[in-house]
């Protein structure tokens, strides 16, 4: 009789853990779905200004991390806050620089380091796009 009870108990325990795993998976998919919807909405809102969601994110971080004209931020610090690979971030910064929105310079103390700063054009575009991005967040996240 003891042998018969143990498999049933193990089966129930396995089912309970599978259910917990399914709940985690469902939460994860909900997070991914909310992220995708939000990024698409931000992309749509900012497209007329020539920006995508990732472009805006870099401008926004630079505007808040270096609020004074001419202040710089290390690319390495951006990489930790933007959800892009190092190479994708480098390409994005190169594109923003080509568009005159940021400037890049080599760190004198550490030749491997690169500084990024918003230009006045980048600061103006950020200020113009900020309410559009915030409105897109409010629409998709319901805040």
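Tabulated results
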| read-out | value |
| --- | --- |
| First in region 112-123 and at positive phi and in contact (Cβ under 8 Å) with a residue 24 or more places away in the chain, second anywhere and assigned to a strand (DSSP E or B) and crowded, with 17+ Cβ neighbours inside 10 Å, Cβ under 6 Å, 6 or more apart | none |
| Residue match in region 40-55 (condition: at pLDDT 90 or above, part of a loop (DSSP other than H, G, I, E, B) and on the phi > 0 side of the Ramachandran plot) | yes |
| Qualifying residue in region 86-94 (condition: over 17 Å from residue 47 (Cα atoms), surrounded by fewer than 18 Cβ atoms within 10 Å (Cβ to Cβ) and more than 16 Å from the chain's Cα centre (by Cα)) | yes |
| Count of region 78-99 residues which are out of contact with any helix residue (DSSP H, G or I) (no Cβ under 7 Å at 6 or more places or on another chain) and either under 13 Å from residue 115 (Cβ atoms) or not in a helix (DSSP H, G or I) (or both) | 5 |
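The values are calculated or read from the model by the stated rules, or taken from the named source; none is laboratory data. What you see is a predicted model; the values in this text were computed from it and never measured. Neighbour counts run over all protein chains shown; Cβ positions are idealised from the backbone, glycine included.
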